[in-house]
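Notes follow once the structure below has been shown.
The values are calculated or read from the model by the stated rules, or taken from the named source; none is laboratory data. If you're wondering where the values come from, they're calculated on a predicted model, not measured in any experiment. Ideal geometry is used to build each Cβ from the backbone, glycine not excepted, and the neighbour counts take in all protein chains shown. Note: accessible area is taken over every heavy atom of the protein model, side chains too, but ligands, DNA and RNA are not part of it. Shrake-Rupley method; radii C 1.70, N 1.55, O 1.52, S 1.80 Å.
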Amino acid sequence: NRIKKKDDNVLEIPSIPNPFPELCCSPFASVLSASLLPKATSRKKQVIKVYSEDDTSRALEVPSDITARDVCQLLILKNHYIDDHSWTLFEQLTHTGLGRTIEDHELVMEVQSNWVMEEENKLYFRKNYAKYEFFKNPLSFFPDHMISFPSETNVAVSHTGILQMFLSSSTYPEIHGYLHAKEQGKKSWKKLYFLLRRSGLYFSTKGTSKEPRHLQFFCEFSNSDMYMSLTGKKISGAPTNYGFCFKPNKSGGTRDLKQLCADDEQSRTCWMTAIRLLKYGMQLYQNYMQPYQGRSGCSPLNITSMRSISENSLVAMDFSGDRSRIIENPTEALSVAVEEGLAWRRRGCLRLNSHGSPIAMSNMGMSIHRSQSWFHHKISREEAQRLILQHGLVDGVFLVRDSQSNPKTFVLSLSHGLKIKHFQIVPLEDDGKLFYTLDDGHTRFTDLIQLVEFYQLNKGVLPCKLKHYCARIAL
């Protein structure tokens, strides 16, 4: 039998028995047809260029609806990095000296569409440990003297209560304090009392008065993005180095920037964090709770999951006897770890000593730290502070560098309490052997690697343990 067609121009096709009749009534037929590959490949693709810390770049062909988190995930997979959810895509506006971390959910093509063609703006792939740190420890981001709660709220607000109020649609804490504002069209700066409310950012025309007749509207955030000043006082002539600004999405130049400047890093961090929460709200919390949902063809579902390292999942074990056991005593665990580390070093020295002299081994012990990711050789104090700031002012972010004032010593630069502190590592010679110390010889180490490993486990004389090291990421 042949199927008769109304259109005579169409060839008649003989009917073929269906070997799988049960598929004809499958409830998933419409779902499968809606997600066929040809439809997915019909999305437009564009090429973006992403830079690393050493200014090397990598070109990527990506879909037009790719998000910043998707780009990070793609680079993580291509470079075989461990995804600890601290990777970010950073937008740097070279001409104006501004930069910001692009939120995970933002579309990269929309960000680039706001760029001026003549400017050499860049996208950087880097780590930022402070990206969602305020969800873990909000009390350190919002000091008591800068935050006020609604009158109906209890005086004492809990750790999670602050976040709930920020994410709530009915209540919102008020951020207040002094900021330096650059007058529109002028080079001068004026110190004013500012208030951040759900309706926007205001400043008082009469001291610290919060009366409506004294409040003047300064900026709202739906059609603008917030940037941090990367050049300090150089371009804008700001009174301090803690500047930030609001740039309209379709801005034609620096004349449309609304520039502000805080007196210290804690104040700037508080203002910028509160404005992020005000602008994005629950979307930020979803990004934090679900760091990757899989989009734009780079879903990790088809890729073997990477090993996740957590301090809570690691335990000390003793395999010396007939049966293994867990070492529950912290003191015993520390002594075993130190003993194993020293034994490993002795074995390494014996292996290397068969190919070299004791003098060569001594020189190697003095320079072995140069291959470590946390060592940054001859960088200045200002460059070290810039690198730590890029990685986020979270307690425990650190790097080690050569001292510029004393060529024989080293410096440990460490972030703590939203401040960057510097500690001198002094070489100490005793009985013909060279040691390194941070505490005038009370605790001695044979090399810098041993020193860093010790302070990663013990706070010692430092304000906190070493947790995250600053590294120059290569693509």
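Net charge around residue 193, counting only other residues with Cβ within less than 10 Å of its Cβ (Lys, Arg = +1; Asp, Glu = -1)?
Values: positive: 191, 206, 210; negative: none.
That sum, taken over residues with Cβ under 10 Å, equals +3.
Using 0.36 nm per residue and subtracting the Cα-Cα separation, the extra length available between residue 214 and residue 440 on full extension is 75.7 nm. Taking 0.36 nm per residue of separation and subtracting the Cα-Cα distance, full extension of the segment from residue 137 to residue 334 would add 68.1 nm. In a Debye calculation with equal point scatterers on the alpha-carbon sites of segment 45-127 and no solvent, what is log10 I(q)/I(0) at q = 0.19, 0.22 Å⁻¹? One equal scatterer on each Cα of segment 45-127 leads to -0.82, -1.12. Dipole magnitude for segment 370-469: computed about the Cα centre from +1 point charges on Lys and Arg Cβ and -1 point charges on Asp and Glu Cβ, it is near 360 debye. Charged neighbours of residue 130, selected by a Cβ distance under 15 Å, balance to +4 (K, R count +1; D, E count -1). For residue 408, the aspartates and glutamates whose Cα falls under 18 Å of its own Cα, not counting residues fewer than eight places away in the same chain, are 429, 430, 439, 440, 447. Counted residue by residue at 0.36 nm each, then reduced by the alpha carbon distance between them, the extension gain from residue 453 to residue 119 reaches 115.9 nm. Straight-line cross-link reach from residue 44 at under 25 Å between alpha-carbon atoms covers these lysines, not counting any fewer than eight positions away in the same chain: 78, 122, 250.
Computed from the C-beta positions of residue 289 and residue 406 and an R0 of 30 Å, the FRET efficiency is 0.05 to the nearest 0.05. Since only 455, 443, 432 are under comparison, the one whose Cα sits farthest along the positive direction of the charge dipole of segment 408-475, derived from C-beta charges on Lys, Arg, Asp and Glu, is 455. Per residue, the convex hull spanned by the Cα atoms of segment 133-291 amounts to 129 cubic angstrom. Among the lysines, which fall within straight-line cross-link reach of residue 419, defined as a Cα-Cα distance under 23 Å, with same-chain neighbours fewer than 8 residues apart omitted? Of all the lysines, those that pass the test against residue 419 - Cα under 23 Å, at least 8 places apart if same chain - are 127, 131, 136, 233, 234, 378, 459, 465, 467. DSSP loop (so not H, G, I, E, B), at most 16 other Cβ within 10 Å: list which trypsin sites (Lys or Arg not before Pro) in segment 194-234 pass both filters. Of the trypsin sites (Lys or Arg not before Pro), the ones in loops of segment 194-234 whose Cβ has at most 16 other Cβ atoms within 10 Å are 198, 206, 210, 233, 234. If you take the charge dipole of segment 370-469 about its Cα centre, with +1 on Lys and Arg Cβ and -1 on Asp and Glu Cβ, which of 423, 376, 391 is farthest toward its positive end? Of the options given, the answer is 391. Counting only the backbone N, which residues of segment 448-468 are under 19 Å from the spot 7 Å out from the Cα of residue 327 toward its beta-carbon? Residues 450-460 fall inside that zone.
Largest first, the residues 247, 419 sort by 1.4 Å accessible area into 419, 247.
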